[in-house]
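The values are calculated or read from the model by the stated rules, or taken from the named source; none is laboratory data. All figures in this text were calculated on a predicted structure; none of them were measured in a lab. In this analysis, Cβ positions are derived from the backbone assuming ideal geometry, glycine residues included, and neighbour counts consider all displayed protein chains. Just the protein is used for accessible areas: all its heavy atoms, side chains included, with ligands, DNA and RNA removed. Shrake-Rupley method; radii C 1.70, N 1.55, O 1.52, S 1.80 Å.
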Amino acid sequence: MNGITDNPKEKTGCPSLGCSAVQPQGKNAPAAGGLVYIISAAAMGRGNDDLGWALLQTYLQTICKVKPLPTKMLFYNGGVRLVAEESGALNVLRALQEQGVEILACGTCLDFFNLKAKIQVGRISNMHEIMTAVAEADKVVSPF
């Protein structure tokens with residue numbers, strides 16, 4: 001047995017975006033700390049900002065197609081713009097949140113960019129909670 005199931009109750013992904021993945025069960029399932037993604041900028045990589053923005057939008061849309069889904073996504077610095085402004089990211093972030101992914105945005109960063117009242121998805125967090133999530137994660141992924 002490979003740890004993969006066809007039980008629809010164990011399927012995950014972003015069905016509203018046409019994505020679905022089967023979460024591994026048993027010994028192949030992620031441990032309690034899970035997978036944590038960090039998004040610290042509104043663009044991916046260095047160089048052209050327009051290209052970086054487009055790359056990050058594609059990166060975020062691809063997360064729901066890759067298994068396992070993250071347990072948490074942490075947004076800080078310029079990355080908080082993705083949870084607080086109308087962008088290509090909001091639909092996929094909402095879909096991930098509906099699938100149980102916890103979306104946390106740094107409150108200090110939202111204050112800095114005057115975006116605290118404009119948050120569209122997830123919830124406001126703080127550095128203590130962000131650091132705890134990173135420390136307890138089984139794996140941390142960042143596109144930068």
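Checking the conditions here, which among S20, S16 is open to solvent by 60 Å² or more (accessible area, probe 1.4 Å), in contact with a helix residue (DSSP H, G or I) (Cβ under 9 Å, 6 or more places away or on another chain) and at pLDDT below 90?
S16
Kindly list, by first and then second residue, each pair from a residue in the range 48-76 that is open to solvent by 60 Å² or more (accessible area, probe 1.4 Å) to a residue that is part of a helix (DSSP H, G or I) and β-branched (V, I, T), limited to pairs with Cβ atoms under 7 Å and residues at least 6 apart or on different chains.
Going by the 7 Å Cβ cut-off, the qualifying pairs are Q61/V92; Y76/I130.
Every residue in the range 96-109 that is open to solvent by less than 10 Å² (accessible area, probe 1.4 Å) and touching a residue at least 40 places away in the same chain (Cβ under 8 Å), please.
Of everything in the range 96-109, just one residue is open to solvent by less than 10 Å² (accessible area, probe 1.4 Å) and touching a residue at least 40 places away in the same chain (Cβ under 8 Å), namely L96.
With in a helix (DSSP H, G or I) and either touching a residue at least 40 places away in the same chain (Cβ under 8 Å) or on the phi > 0 side of the Ramachandran plot (or both) as the only criterion, which of L82, L93 stands out?
Values: L93 fails: either touching a residue at least 40 places away in the same chain (Cβ under 8 Å) or on the phi > 0 side of the Ramachandran plot (or both).
Among L82, L93, only L82 is in a helix (DSSP H, G or I) and either touching a residue at least 40 places away in the same chain (Cβ under 8 Å) or on the phi > 0 side of the Ramachandran plot (or both).
Could you list all residues from the range 123-144 that are under 19 Å from A43 (Cα atoms), in contact with a helix residue (DSSP H, G or I) (Cβ under 7 Å, 6 or more places away or on another chain) and either small (G, A, S) or modelled with pLDDT under 95 (or both)?
Passing the criteria: only P143.
It is to be established whether one or more residues within the range 112-130 are within 22 Å of L56 (Cα to Cα), of a type in the set (A, V, I, L, M, F, W, C), touching a residue at least 40 places away in the same chain (Cβ under 8 Å) and surrounded by 14 or more Cβ atoms within 10 Å (Cβ to Cβ).
yes
Could you check how many residues of the range 116-129 are farther than 18 Å from L69 by Cα and either β-branched (V, I, T) or part of a strand (DSSP E or B) (or both)? If you could, list the steps in order and put the result at the bottom.
Here is the first cut: in the range 116-129, the ones farther than 18 Å from L69 by Cα are 116-120, 123-129.
Then drop every residue that is not either β-branched (V, I, T) or part of a strand (DSSP E or B) (or both), which leaves 119, 123-125.
Residues that pass the stated criteria total 4.
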